[in-house]
Structure formats: C-alpha cells, structure tokens
Amino acid sequence: MLADYHCIDCTVQKFKQPLAINLDIDENGIGMEIEDSEGNYVSPLFNTDEWYELDKFYVTENPKQILSCGTCHKKIDSYTYQNYNGWANKETWNTNLRTITDRPLYHQVYNLLGNKTTGSRTTGDFAECLKMFLWERWKGRTPEGDSLKNVDWLEIAMVWQEDNKEYLIELDNIYMECLKK
Ligand SMILES: [Zn+2]
C-alpha cells in the first residue's frame, strides 16, 4: 500500500511542528514520522522513493503514471514504464525474435501450438511447452548468452497465438470433425 504523499509545501504547512517538541525533524522542519487525522503516515516525496506501480499487467495498460499531492493535487512526479521494444525485457524480446527468424526453430515452435489430442493448446499450456522445449534445446541460455530465467513465456505464447489465429481455429475445426466420426 502506498503511503499518502504530499508536496513539500503542503507538508510543511500542515504538519510543521514546533522545534522544541520534536527533535527528530528533517531539513524542512518536519517531523520524520507524522500521521494525519486518519492515521496514515504522511511524507513528502523523496527522490529515492519508488512510489509507482510495477505490476506488469497494470503498467502495460498504463505506462505513464502520475503522482499527485494528497492535499493540493498538484503533480509531484511522473513515471513512465520502460520496457524492451514493447516486450517485458531483453531476454523475452530476444527469445521471441529467435523463434520467428530461425527457420527450423520456427517450424518446431509452430508445431507446439497444437496438440494431437485436443486441437489447439491453451495459452498457458503452450507457454509451458515452449519453455520446456527451449530450456532443453538452449540449455538455459539464448544463443546470445542471455539467461532464460527472466523470459516471460506467457507473453511470447500470447503473441504467437495472436499471429496464428486462423491456424488455431483450423486445428480446432479438424479436431471437432474427428470427434464426430
Ligand atoms: Zn500539495
């Protein structure tokens, strides 16, 4: 849970304490641990504070985040989520690039999209398959030497499925036809 942030001006104005009764104060004369009327910890924003949201799904939808003062609503700080060419990180970007540019690898990954007994795979199942397949094939590192530990397999799986939508529908149709016989 985020602390309730206030700009320096508002913090000074609302919470300044007489010097005599508070020994533990910062350079603005503000006591270091002050609660507001609702019992929330009140703090001006420090340069080192990481106030922004880092949840991947949230920041992908809302890459630009703004922090406003809890009192005057003036903008205090903003943060823009940095990613790698639109991917979660360099390892994910590189792994995906390999799967689409290395021709033999492309065909193998393409085959993993489907499952002989159920038609197309679910996204989670395909991501898991892709992970096991590439860990085994690359022994834990991309050909460029990046560890596969940080790869976001679901992100790659989602893009692959999106790019091969028609093929997946066809796979499911064939499977449905087989069930009828
Ligand atoms: Zn303010």
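Coordinate-derived values only; no laboratory data. Because the structure is a prediction, the values reported are computed rather than measured. Positions of Cβ are generated from backbone atoms using ideal geometry, with glycine treated the same way; all protein chains shown enter the neighbour counts.
Data for the structure
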{"read-out": "Over 18 Å (Cα to Cα) - which of Lys64/Lys149; Lys90/Lys149; Lys139/Lys165; Lys64/Lys90 fall in this group", "value": "Lys64/Lys149; Lys139/Lys165; Lys64/Lys90"}
{"read-out": "Net charge, Thr123 excluded, C-beta distance under 15 Å - Lys, Arg +1, Asp, Glu -1", "value": "-4"}
{"read-out": "Distance in nm between pseudo-label sites at Tyr81 and Ile66 (7 Å out along the Cβ direction from Cα)", "value": "1.8"}
{"read-out": "Long-range amide H partners of Asn115 with built H, under 5 Å", "value": "Ser120, Arg121"}
{"read-out": "Convex hull (Cα only) mean projected area of the range 90-180, reported in nm² to one decimal", "value": "5.6"}
{"read-out": "Gain in span if fully extended, Asp172 to Asp55, counting 0.36 nm per residue against the direct Cα distance", "value": "38.8 nm"}
{"read-out": "Computed E for Lys90/Asn115 - FRET, C-beta separation, R0 30 angstrom, nearest 0.05", "value": "0.50"}
{"read-out": "Nonlocal amide H pairs with Asp77, under 5 Å, H built at 1.01 Å", "value": "Leu67"}
{"read-out": "Spacing of the two label points (7 Å from each Cα toward its C-beta) at Arg137 and Thr101, in nm", "value": "1.5"}
{"read-out": "Sequence of Thr118, Thr99 once ranked by neighbouring C-beta atoms within 10 Å, starting from the fewest", "value": "Thr118, Thr99"}
